[in-house]
Structures are given as structure tokens and as C-alpha cells.
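Trainee: Take this structure first; my questions come after.
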Amino acid sequence: MSAGFGKRLLVVWLALCAITIVSLIVGSLEGRAAHVPNAAITSSAIGIALVKVRIIFREFMEVRHAPVSLCRLTDAWVLLTAVSLLGVYFLGMAFRMDAG
Amino acid sequence: MMNAAGAGSPQHGVDVRPVSKHSEKSEAYVPGQPDMWAFVLFESFLFTGYFLVYMVCRTQSPELFLRSQAELDLRIGTFNTLVLLTSSWTMARCVKAAREGSFPSASTNAFLTMLFGFVFLVSKVSEWAQEIRKGFGFSSNEFFSFYYFLTAIHFLHLLIGFVVLGVVVHQLSSPARRSQELIETGATYWHTIDFLWVIIFSLLYVMR
């Protein structure tokens, strides 16, 4: 394996691990046992996860070398998942059935 | 491996095509078989559906979900995520090494991928056992139903992933085989297991 590609994969892996540690810190904020919904932590968690997914697509799955249609399709899925998850979270919290 | 210019690629047999730095940068190609990408996109949308149902239910009973989520160990979830990310890294290294004709290195990385997958498997089973010992089973409450469903269906994909890795190792073991396309197809499947877990981790362990 050429040094250039090996080094790039190493940097990507280290970046993904570092972002995962950020998730751990975000998930530990404000006392995990407080049992209080937190929109900022939720948005960060989902945002961080989908950034990681996009990096995996582009670097590990080599989508950055793929035809533009596959790049757009994977980006569209990442965006759709982000918007739909956050949309359902905020709408659901605003219109809770048991909130009276 | 198919290139955008439509150049044919051997579907069977030896397909060893070292990729130069120039071609990596200038030629667009779909890694692995396009059918696998269709499957990946199908699975992605299917899991998005599961995630949305989970999110709808979660927003209707946030206290219950948060109380139950606090019973999970965030550090174990983080460890599992790091292990799967590492397995994806070694799988990507396997593909690159095979493409460059460095088959011993490719085989080593394929075996390392299996090893990290196995570590994830053992960690997941021990986490399930720990939760069950604490009295949280599939039917304990809505959160744990989702927890077991999402992690079990992901686990099933992981088990299939071992079969896929077996095919990759088999391909690499003999100069008579070594289809680069099949190796890339296996890698695409394995990375899918990884990125689906990344989202499951954020929804079950991190979000509030």
C-alpha cells in the first residue's frame, strides 16, 4: 500500500475516533441521569453522527472517486436523514400527546 | 470496479488492477458491484424508517426513554463505535493493498477486520447480558424494545458481514481468484454495518 493512501486513511480514522470522543463528551454533559430532554445535545449528537457517516461514505467507501450521481445520492440520503430525524424530534417534542 | 467511461471489467477470475495516483484522482468509478450499492441504499432507507419510528415514539414519552437510556453505559457504546470504526479502517486498507497488488498486506487487514468485528460481537453480547441481568429485557418498556430490535437487526447484519469477509479472505488466498471487484463489494457491505451503527449509537446512547 502506497504511503500516501495509507497516511490519508490513518488521518481519516483518527479524525473519526476523535469525533466519537466528542460524542462521548456531549453525551456526558449536563448529568446523564438528569432525565431532561436537551435539544442542543440531540442536535449535536445527530449532526456529529451524520458528519461521521459522510466521512465514511467519501473516504472509506471511496464515494469521492465515484460518479457524481453516487456522490449526490449518498449526500442526499445523509441530508434527508438529518432533516427528518431532527424534524421529527422538534415537531414531536412540540406536539407531545401526553403533554395535554 | 467499473469506470465511468464504460470500460468493461472482468466479472470473474483474476482482476488485479493496480491503481495509479493519477487514475485515483482523475477517473470516476463505482467501487465494487453496483448491485451492492443498490442494496446499501435500500438498507439505508429501511433503517431511516426504523430510526424515524423510534424518534416519533421517543418524543411522545421522553422521560421514559431518558430514564431507560441512562441504564445503558455510554462508555461501552463509545468503545463499540471505536472498534467498528477501526474495523472499517482496516477494511479500507485491505482494499487499497489489494488494488496495489500487496496481497499479504490485504489478507492481514482482512483478518484484522474480522478480529475487530469479533470484538464488537463479544462486547455487544456481554452488554445485552448485562442489561438482562439488571432486569431490562425486550418487553421491559418501549425504549428497551427499540434498543434490542435496533441492536439485534444490526447484529444480524454483522453476522452476514463475517460471511462476506470470508469471501474476501477466500478471494485473497489464491492468485487464481483475487477479484478486486468482489473485494470492494465486500468492503462496501462492511462499511455499511459501520455507518449504520454510528447512527444507532447516537440515537440510543447520546441524544437526549
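Trainee: For the stretch A:52-67, which positions are within 7 Å of another protein chain (Cβ to nearest Cβ) and surrounded by fewer than 18 Cβ atoms within 10 Å (Cβ to Cβ)?
Mentor: Result: A:P67, single match.
Trainee: Right, here's the next one. Being within 18 Å of B:L82 (Cα to Cα) and away from every other protein chain (no Cβ under 14 Å) is the requirement here; does B:F195 meet it? Full working, then the answer.
Mentor: Working: within 18 Å of B:L82 (Cα to Cα): yes; away from every other protein chain (no Cβ under 14 Å): no.
No: the conditions fail for B:F195.
Trainee: Go through the stretch A:68-97 and report how many residues are facing another protein chain (nearest Cβ under 9 Å) and either touching an Asp or Glu at 6+ places or on another chain (Cβ under 8 Å) or of a type in the set (K, R) (or both).
Mentor: 1
Trainee: On to the next question. How do the pairs read when you match residues in the stretch B:73-95 that are at the interface with another protein chain (Cβ under 7 Å from one of its Cβ atoms) with residues anywhere that are part of a helix (DSSP H, G or I) and charged (D, E, K, R), using Cβ under 7 Å and keeping only pairs 6 or more apart or on different chains?
Mentor: Filtered contacts from the stretch B:73-95: B:L74/A:R32; B:L85/B:D194; B:S88/B:D194.
Trainee: Another question about this same structure. Just one of (1) part of a helix (DSSP H, G or I); (2) more than 7 Å from every other protein chain (Cβ to nearest Cβ); (3) not hydroxyl-bearing (S, T, Y) trips up A:V26, so point out which.
Mentor: For A:V26, the exception is condition (2).
Trainee: Of everything in the stretch B:167-181, what is closer than 17 Å to A:V63 by Cα and either buried (at least 23 other Cβ atoms within 10 Å of the Cβ) or without any contact (Cβ under 8 Å) to a residue 24 or more places away in the chain (or both)? Give them in sequence order.
Mentor: Once the filter is applied, which keeps residues that are closer than 17 Å to A:V63 by Cα and either buried (at least 23 other Cβ atoms within 10 Å of the Cβ) or without any contact (Cβ under 8 Å) to a residue 24 or more places away in the chain (or both), the stretch B:167-181 yields only B:Q180.
Trainee: With the condition kept exactly as written, say whether any residue in the stretch A:79-89 is closer than 30 Å to B:K96 by Cα and modelled with pLDDT of 95 or more.
Mentor: Scanning the stretch A:79-89, I find at least one residue that is closer than 30 Å to B:K96 by Cα and modelled with pLDDT of 95 or more, so the answer is yes.
The values are calculated or read from the model by the stated rules, or taken from the named source; none is laboratory data. Computed from a predicted model, the values in this text were never measured in an experiment. Don't worry about glycine lacking a Cβ; one is built from the backbone with ideal geometry, like all the others, and counts go over all protein chains shown.
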